[in-house]
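Note sheet for the following structure.
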Amino acid sequence: MEREELKAAIVRDLNSEEYPFVVEVKGNTVIGHWKVQEVPQNVDEKKLRSFSVKYKLRKNKTFCGGEMTAQRYDYTPPTSTQTKTVYSVSASDNLPWRKKVDAKDYPNISYDAQKLYSIIEKYLMNNGFFYRPGVWNSAYIDWNAGFKLRVVGVLFILVGCFVFGGCIETGVLLFQLFPLIYVVVGIWVLLIGLGKVKFYDLRRDIAIKVILGIIIGGWLVVFALMFLESKGVLSLPIPG
């Protein structure tokens, strides 16, 4: 099934008065969320209202999105005694193997997010689409995993405020703006660590290309400057 056909079919097939969820399509994005007209007493209504899951449909019959989780990995490099922390965002490892929900059970999934993920994902895969992670993946970091980010954020804010206090008397706008960048970055990192702002992660293969591109681009700039200097077009200042 082609993308445009799928967009019309998914709205037709995955919506019913009996289902506790609604599936919409906006542009090339499939959005699923709960109906909250009648919420059971033991269910958090605010959480239900804020819940939604999105899948982006691509022309090459792949899709991305869905359940994203932020992971924290602590490791010690072989040549060091210091423990380092790496954060990443990934889709659920069991996406292709989620238990299928029968159509007759759709009205009875009881606000189970895992079952809603399964319903939409199985529908997409059964109609010829395959999962591929997006370029940017994002998720909220839980309280325990965000501890180091909160510490780093607070340190950035304190350092920025301290430096800013020493730069006020200089009267130079550039010097005053520099520590403010520390404060802004610190607030942003702190909010990520508090789980108030999503953490964004660049897909691994794209990140490698970006890093290689920056390295190659930097060397090309250096060679270009050296070439221009050799031709007398540019005169580079020599220290000392």
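Computed on protein heavy atoms with a 1.4 Å probe, the accessible areas place E45, E2, E18, E67 in the order E18, E2, E45, E67, largest first. Using 0.36 nm per residue and subtracting the Cα-Cα separation, the extra length available between N28 and N42 on full extension is 1.5 nm.
If you take all C-alpha pairs in the chain, what percent of them are over 34 Å apart? For the chain, the fraction of Cα-Cα distances above 34 Å is 41 percent. Solvent-accessible area assigned to carbon and sulfur over the chain amounts to 62 percent, based on a 1.4 Å probe. Rolling a 1.4 Å probe over the protein heavy atoms gives region 1-86 an accessible area of 66 Å² per residue. Taking the Cα centre of the chain as origin and assigning +1 to Lys and Arg Cβ atoms and -1 to Asp and Glu Cβ atoms, the resulting dipole is close to 380 debye. Placing unit charges on each Cβ (+1 for Lys and Arg, -1 for Asp and Glu) gives region 1-153 a dipole about its Cα centre, and among Q37, S90, S80 the Cα reaching farthest toward its positive end belongs to S80.
In order along region 52-63, the phi-based Karplus estimate (6.51 cos²θ - 1.76 cosθ + 1.60, θ = phi - 60°) of 3J(HN,Hα) comes to 7, 10, 10, 10, 9, 9, 9, 5, 7, 6, 10, 9 Hz; Gly and Pro are listed as x. Using helices alone, I'd like the mean residue ellipticity at 222 nm for the chain: each DSSP H run of four-plus residues gives -39500 (n - 2.57), total over residue count, nearest 500. Computed ellipticity for the chain at 222 nm equals -14000 deg cm²/dmol. Taking the charge dipole of the chain about its Cα centre, with +1 at Lys and Arg Cβ atoms and -1 at Asp and Glu Cβ atoms, the residue from G193, A207, Y111 reaching farthest to the positive side is A207.
The values are calculated or read from the model by the stated rules, or taken from the named source; none is laboratory data. Everything quoted here is computed from the prediction, not taken from an experiment. When we count neighbours, we look across all protein chains shown, and the Cβ atoms used for this are built from the backbone with ideal geometry, even at glycine. Ligands, DNA and RNA are excluded from the accessible area calculation, which covers all protein heavy atoms including side chains. Shrake-Rupley method; radii C 1.70, N 1.55, O 1.52, S 1.80 Å.
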